[in-house]
Structures are given as C-alpha cells and as structure tokens.
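The values are calculated or read from the model by the stated rules, or taken from the named source; none is laboratory data. Note that the structure is a prediction, hence the values are computed from the model and not measured. In this analysis, Cβ positions are derived from the backbone assuming ideal geometry, glycine residues included, and neighbour counts consider all displayed protein chains.
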Amino acid sequence: MTFVRNAWYVAALPEELSEKPLGRTILDTPLALYRQPDGVVAALLDICPHRFAALSDGMLVNGHLQCPYHGLEFDGGGQCVHNPHGNGARPASLAVRSFPVVERDALIWIWPGDPALADPEAIPDFGCRVDPAYRTVGGYGHVDCNYKLLVDNLMDLGHAQYVHRANAQTDAFDRLEREVVVGDGEIRALMKIPGGMPSVLMAKFLRGANTPVDAWNDIRWNKVSAMLNFIAVAPEGTPKEQSIHSRGTHILTPETETSCHYFFGSSRNFGVDDPEMDGVLRSWQAQALVKEDKVVVEAIQRRRAYVEANGIRPAMLSCDEAAVRVSREIEKLEQLEAA
Ligand code: FES
Ligand SMILES: [Fe+2]
C-alpha cells in the first residue's frame with residue numbers, strides 16, 4: 001500500500017473540533033485531534049504508549065489529554081506531563097507521536113510525514129473559504145473507495161452530464177470546450193459550455209432566469225488530493241470575470257487503501273446573505289457529492305479486485321487528459337518517497 005506521506009492533508013473541519021477529542025484515521029494512521037484551551041489544535045497518534053488505548057476516548061484535564069485507561073496525561077506536543085502511578089516517573093518512552101498542524105482557510109491541515117519537511121508555505125490556497133466577499137457552506141463525507149477514484153471523478157467535471165443529470169445536465173454538452181493547463185505542482189482542467197439553456201442548478205443560481213448562458217466548470221488540483229473548482233454562469237457573451245460563480249472545495253484525504261474522507265464546500269459570490277441560496281447549495285452537495293458521486297466510485301471500488309486480478313487496463317477517452325496527468329503526478333510523488 002502506498003501513500004504519499006510527505007504532504008499536507010486536511011484531517012478535519014474546524015467545526016468538528018473541540019476539547020472533546022475526535023478520533024480520525026488518515027493514511028492508515030489513527031489520530032486524536034482536539035482543540036487545546038488556548039484554541040490551538042493538537043494532533044497526536046491515537047495510541048497510548050502504555051497499553052495502546054485510544055487517546056481519543058480520553059478527555060482534557062487541565063488542558064492535557066488524559067488517557068482513558070490508566071490516566072497518563074499528554075500535552076499537545078505529545079510529551080507525558082503527568083503519570084499518576086508509582087513515583088510518577090516520565091521516561092521518554094511515555095511520549096506519544098505528535099503531528100504538525102496548521103489551521104488555515106477554515107481547514108485543519110496535518111502533515112503525516114517527516115516533520116522536518118513540513119513547510120506551511122506549501123499548503124494550497126483555499127482563501128475563498130474565509131473571504132468576506134464570499135459565502136461558504138460545506139461539510140464532510142465518508143466514501144468507501146480509494147481516494148484516487150474521487151480525484152479521477154473531480155478532474156473531469158463533464159461527468160455531471162450523466163451522474164448529476166437531474167440538476168446539472170446541459171443541452172450544450174456537445175459544444176463543450178476543454179483545456180488542460182499544467183503549472184508548477186498544479187494542474188487545471190478548464191471547461192467552457194457555451195450558449196446553452198441553464199441547467200436546473202444554474203437556473204437556481206440565476207433565480208429562475210431562462211435565457212441562454214455560458215457556463216464554466218474549471219477545477220484546480222494541488223498535491224496530493226486537494227481540488228478547488230470554479231463553477232460559473234453568465235448570460236451568453238458575458239466575460240468570465242463578470243460571471244456569478246462558486247469556488248468549490250473538494251479535498252480528499254485517504255483513510256485506508258479503500259476509504260477516504262471528503263471535505264467539501266461551496267464559496268459563492270452571489271446571494272451571500274441569502275439563506276435560501278445556502279439551502280440550494282447544501283441540497284446540491286447532499287445529492288451530488290454525498291449520494292451520486294459516492295454511488296459511482298464505490299461501485300468502481302467493489303470491482304477493483306476483479307479488475308486487478310485480471311490485469312484489465314482502463315480504456316482512454318479524450319475527457320481523461322487532466323485525470324491522467326494528475327494520476328501520473330501522484331505516481332511520481334509515490335515513487336519519489338519510495339526511493
Ligand atoms: S493505556 Fe494509557 S495509561 Fe494505560
Ligand atoms: Fe460529481
């Protein structure tokens with residue numbers, strides 16, 4: 001099993017964390033995540049060094065995480081600060097591994113690899129999530145597939161024509177224009193859908209307008225599996241910059257080889273004070289991401305054993321360019337670490 005460990009991954013959303021620890025596995029590594037009394041998030045290996053109890057089942061005592069089994073207490077850096085037994089000795093063997101954490105853009109980023117290599121500058125930009133010009137709604141989903149299947153899914157947003165047909169099908173699909181832009185550690189798949197009638201979702205964005213529109217579905221990938229899309233719509237002929245749009249957070253974090261965490265969000269530049277528009281976006285996320293995409297990728301995952309056992313290679317289509325480029329980049333990162 002291969003994971004790229006020397007990279008930033010989102011392990012949680014800020015609203016998931018409090019002084020009550022959250023147990024969450026990323027890259028086959030169980031973590032105990034919690035907010036310390038000063039507000040700083042801590043991430044410890046969720047295995048007590050004594051008898052391997054789950055620290056995430058413990059509680060904070062005087063700001064320290066207390067093991068639920070025999071009461072050892074740890075600070076946010078993983079040092080044992082209290083041993084209630086015998087003479088209270090605290091040898092180095094009582095320390096628990098801690099992980100670098102950065103809370104940024106309303107995301108909790110964790111570095112599961114070599115801490116000496118953890119550079120916060122390398123965290124991709126999701127500033128739209130906290131930009132006051134935008135309104136963000138989003139959430140968390142759990143998907144039973146290898147994270148790469150969802151990366152493939154997201155790097156070709158043309159799948160909406162079929163997977164999300166009730167909401168996102170467009171009559172201009174046959175005029176779709178694609179471009180793939182490869183940058184430094186960044187790949188963008190750009191899609192323009194010119195001169196179509198608004199899809200059900202776009203019509204909601206436009207509050208029921210029913211005249212031809214240009215639409216854009218772009219997505220940016222940053223290593224290893226953090227994507228930001230740009231879903232825009234405007235009356236036909238309007239420059240892209242003047243569109244109304246949503247910048248969508250789509251960040252995947254491997255849990256195991258066959259499951260992943262999906263952190264999603266939509267940051268929109270229209271109807272920012274309109275709770276009804278929040279509802280439109282929330283129901284889109286619940287329907288499209290948590291149901292429709294999940295069904296497709298989990299079915300692919302269940303076929304993987306047969307596919308691998310029989311050495312079946314995927315057939316390639318013209319819409320696969322961005323996904324293929326990204327999967328090669330991920331492979332390169334895996335090989336780099338293996339070396
Ligand atoms: S298992 Fe944690 S103190 Fe014993
Ligand atoms: Fe989708």
Val295 passes all but one of the listed conditions (1) more than 14 Å from ligand 2 (Cβ to nearest atom); (2) without any contact (Cβ under 8 Å) to a residue 12 or more places away in the chain; (3) assigned to a helix (DSSP H, G or I); the exception is number (1)
Within segment 193-215, is there a residue that is in contact with a helix residue (DSSP H, G or I) (Cβ under 7 Å, 6 or more places away or on another chain), modelled with pLDDT of 95 or more and basic (Lys, Arg)? no
More than 16 Å from ligand 2 (Cβ to nearest atom), among the aromatic types (Phe, Trp, Tyr) and either touching a strand residue (DSSP E or B) at 6+ places or on another chain (Cβ under 7 Å) or part of a strand (DSSP E or B) (or both): does that describe Tyr34? yes
Answer yes or no: is there a residue in segment 13-31 that is assigned to a strand (DSSP E or B), over 25 Å from the mean Cα position of the chain (by Cα) and free of Cβ contacts under 8 Å to residues at least 60 places away in the same chain. no
Hits in segment 60-91 - residues which are touching a Lys or Arg at 6+ places or on another chain (Cβ under 9 Å) and exposed (fewer than 15 other Cβ atoms within 10 Å of the Cβ): His70
Taking strands (runs of 3 or more DSSP E) that do not extend beyond segment 207-292, which have at least 3 residues that are in contact (Cβ under 8 Å) with a residue 40 or more places away in the chain and among the β-branched types (Val, Ile, Thr)? 244-256
Counting just the residues of segment 148-173 that are more than 10 Å from ligand 2 (Cβ to nearest atom) and among the aliphatic types (A, V, I, L, M), which one comes out surrounded by the most Cβ atoms within 10 Å (Cβ to Cβ)? Met155
Counting only residues that are within 16 Å of ligand 2 (Cβ to nearest atom) and either on the phi > 0 side of the Ramachandran plot or in contact with a strand residue (DSSP E or B) (Cβ under 8 Å, 6 or more places away or on another chain) (or both), how many does segment 304-322 have? 2
Please go through segment 168-206 and give me each residue that is of a type in the set (A, V, I, L, M, F, W, C), touching a residue at least 60 places away in the same chain (Cβ under 8 Å) and in a strand (DSSP E or B), ordered by number. Val180, Val182, Ile187, Ala189
Give Ser318, Ser327 a once-over and let me know the one that is at pLDDT below 95, under 28 Å from Asp174 (Cβ atoms) and touching a Lys or Arg at 6+ places or on another chain (Cβ under 9 Å). Ser318
Can you say whether Gln301 is within 16 Å of ligand 2 (Cβ to nearest atom), at pLDDT 95 or above and within 17 Å of Met202 (Cα to Cα), as far as the supplied structure shows? no
Being surrounded by 15 or more Cβ atoms within 10 Å (Cβ to Cβ), away from ligand 2 (no atom under 15 Å from the Cβ), within 29 Å of Val182 (Cβ to Cβ) and under 20 Å from the mean Cα position of the chain (by Cα) is the requirement here; does Val326 meet it? yes
Filter result for the condition that a residue is among the hydrophobic types (A, V, I, L, M, F, W, C), closer than 19 Å to Ala12 by Cβ and within 12 Å of ligand 1 (Cβ to nearest atom), over Leu65, Leu107: Leu65
